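Enquirer: Pasting a structure here, questions to come.
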Amino acid sequence: MAARPTWQGHLKLSLVTCPVALYTATTSAADVRFHLINPDTHNRIRMVPTDPDAGPVERSHLVRGYEVSKDEYVLFDDADFDQVRLDSTKTIAIDKFVDEADIDRLYWDDPFFVVPEKGAGVEAFAVIRDAMQKQGKVALGQLVLRGKERQLALEVRGKGLLAYTLRAHDEVRDADDYFDDIPKVKADADMVEIAARIIAQKEAEFDPTAFKDRYDDALREMIKAKTKGGKGLVDVAEPDDTNVIDLMAALKNSLKGSAGAARKPAAKKPAPRKKTA
């Protein structure tokens, strides 16, 4: 496997344990990335760690510090962090099972592929995986990852498992703090009915391959234009806010437009890639 594991340890269900590895399930390798450049020299800016008294410092010489009072720190090096050992540092212990619908979407975070290490532990992994699939539940466990203990939600995905880190309760803001100030408005029943029909006409299956990052494409076009000496201006006018008086007319026109679009033949999905041997 080309990718390097983010974490290696054990997966445990009661007395059944097997060695596993976690791999990041997403990538940002295709993103357009920029560097800070001095426009006068066109040199790339290098971020050099600097002590206000001693001047530039080698990054490898630095340690981390927790501020206990103004300009007073408790210092930690790698050896100190290694001494903070929980059972979840090297083991994902499954301690309960829940329905997926019980977990608010606000709490779902980063996904990881859970893969068994080759060897005798593969059979134990298969037992845990198949038992989870039979019960149809999401498993919950804990894991120390990137310097923080996280709760994990694990579900069966093909021959492996998919683990999501879950945000802690104190990391999620209360929606009421933002939604309470929204004015109470009784929407017109006829307008709601038309809007519902527009939604029905736009119903479709989710296809992640159909989404294209147009902003990323526009940036690439601008890069190409600037490389050739042009400005590569990309500008799109913002839509006007819908006037309340014109809302019914806008809904009716939208319904007509949606109906016309719905009659167009659907684009064919690309053929699935053939698996190479």
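Enquirer: Being open to solvent by 100 Å² or more (accessible area, probe 1.4 Å) and assigned to a loop (DSSP other than H, G, I, E, B) is the filter here, so list the residues in region 209-230 that pass it.
Expert: If the condition is that a residue be open to solvent by 100 Å² or more (accessible area, probe 1.4 Å) and assigned to a loop (DSSP other than H, G, I, E, B), then Phe211, Lys212, Lys228 are the ones that fit.
Enquirer: Of the residues that sit in region 87-104 and are hydrophobic (A, V, I, L, M, F, W, C) and open to solvent by 80 Å² or more (accessible area, probe 1.4 Å), which one is modelled with the highest pLDDT?
Expert: First pass over region 87-104, keeping only residues hydrophobic (A, V, I, L, M, F, W, C): 92-94, 97-98, 101, 103.
Keeping just the survivors that are open to solvent by 80 Å² or more (accessible area, probe 1.4 Å) gives 97, 101.
On the way: Phe97: 94, Ala101: 91.
This residue is Phe97.
Enquirer: Follow-up question, since we're still on this one. For the subset of region 49-71 comprising residues that are of a type in the set (A, V, I, L, M, F, W, C) and exposed (fewer than 10 other Cβ atoms within 10 Å of the Cβ), which member is farthest from Val144 (Cα to Cα)?
Expert: Keep residues of region 49-71 that are of a type in the set (A, V, I, L, M, F, W, C), which gives 54, 57, 62-63, 68.
Then drop every residue that is not exposed (fewer than 10 other Cβ atoms within 10 Å of the Cβ), which leaves 54, 68.
Details: Ala54: 35, Val68: 24 Å.
Applying the filter and picking the extreme gives Ala54.
Enquirer: Let me ask something else about it. Mind checking which residues of region 125-159 are part of a helix (DSSP H, G or I) and open to solvent by less than 10 Å² (accessible area, probe 1.4 Å)?
Expert: Kept after step one, since they are part of a helix (DSSP H, G or I), are these residues of region 125-159: 125-135.
Once the filter is applied, which keeps residues that are part of a helix (DSSP H, G or I) and open to solvent by less than 10 Å² (accessible area, probe 1.4 Å), region 125-159 yields Phe125, Ile128, Met132.
Enquirer: Moving on to the next point. Across region 5-33, what is the total count of residues that are outside any strand (DSSP E or B) and either touching a Cys at 6+ places or on another chain (Cβ under 9 Å) or modelled with pLDDT under 90 (or both)? Lay out the reasoning, then the answer.
Expert: Initially, region 5-33 is screened for residues outside any strand (DSSP E or B), giving 5-6, 14-15, 25-33.
Narrowing further to those that are either touching a Cys at 6+ places or on another chain (Cβ under 9 Å) or modelled with pLDDT under 90 (or both): 14-15, 26-33.
The number of residues fulfilling the criteria is 10.
Enquirer: Checking the conditions here, which among Val122, Val84, Val74 is open to solvent by 50 Å² or more (accessible area, probe 1.4 Å), of a type in the set (Val, Ile, Thr) and modelled with pLDDT under 90?
Expert: Details: Val122 fails: modelled with pLDDT under 90; Val74 fails: modelled with pLDDT under 90.
Only one candidate passes the filter, namely Val84.
Enquirer: Still on this structure, please answer the following. Of all strands (runs of 3 or more DSSP E) completely enclosed by region 66-119, which ones contain at least 3 residues that are touching a residue at least 24 places away in the same chain (Cβ under 8 Å)?
Expert: Working: elements: 72-76, 91-94, 96-98, 108-116.
Output list reads 91-94, 96-98, 108-116.
Enquirer: Another one. I'd like the residue in region 15-46 that is without any contact (Cβ under 8 Å) to a residue 40 or more places away in the chain and hydroxyl-bearing (Ser, Thr, Tyr) and, out of all such residues, is farthest from Gly121 (Cα to Cα).
Expert: Thr41
Enquirer: Here's something else I'd like to know. Test Val48 against the criterion of being assigned to a loop (DSSP other than H, G, I, E, B) and either over 30 Å from Tyr215 (Cα atoms) or modelled with pLDDT under 90 (or both), and give yes or no. Don't jump to the end; show me each part of the working.
Expert: Working: assigned to a loop (DSSP other than H, G, I, E, B): yes; either over 30 Å from Tyr215 (Cα atoms) or modelled with pLDDT under 90 (or both): yes.
When the stated conditions are applied, Val48 passes them.
Enquirer: Inside region 189-208, can you point out the residues that are open to solvent by 70 Å² or more (accessible area, probe 1.4 Å) and either assigned to a loop (DSSP other than H, G, I, E, B) or free of Cβ contacts under 8 Å to residues at least 12 places away in the same chain (or both)?
Expert: Ala189, Val192, Glu193, Ile199, Lys202, Glu203, Ala204, Glu205, Phe206, Pro208, listed by residue number.
Enquirer: Considering only region 160-184, state which residues are part of a loop (DSSP other than H, G, I, E, B), of a type outside the set (A, V, I, L, M, F, W, C) and in contact with a helix residue (DSSP H, G or I) (Cβ under 8 Å, 6 or more places away or on another chain).
Expert: From region 160-184, those part of a loop (DSSP other than H, G, I, E, B) are 167-168, 172-175, 180-184; that's our starting set.
In the following step, the residues that additionally are of a type outside the set (A, V, I, L, M, F, W, C) were identified as 167, 173-174, 180-181, 183-184.
Within region 160-184, Arg167 is the sole residue that qualifies.
Enquirer: Let me ask something else about it. Any idea how many residues of region 179-231 are under 17 Å from Val32 (Cβ atoms) and not β-branched (Val, Ile, Thr)?
Expert: Here the count works out to 15.
The values are calculated or read from the model by the stated rules, or taken from the named source; none is laboratory data. Everything numeric in this text was worked out from a predicted model, so none of it was measured. FYI the Cβ positions are ideal-geometry reconstructions off the backbone, even for glycines, and counts take in every protein chain you see. Side chains included, ligands, DNA and RNA excluded: accessible areas come from the protein's heavy atoms. Shrake-Rupley method; radii C 1.70, N 1.55, O 1.52, S 1.80 Å.
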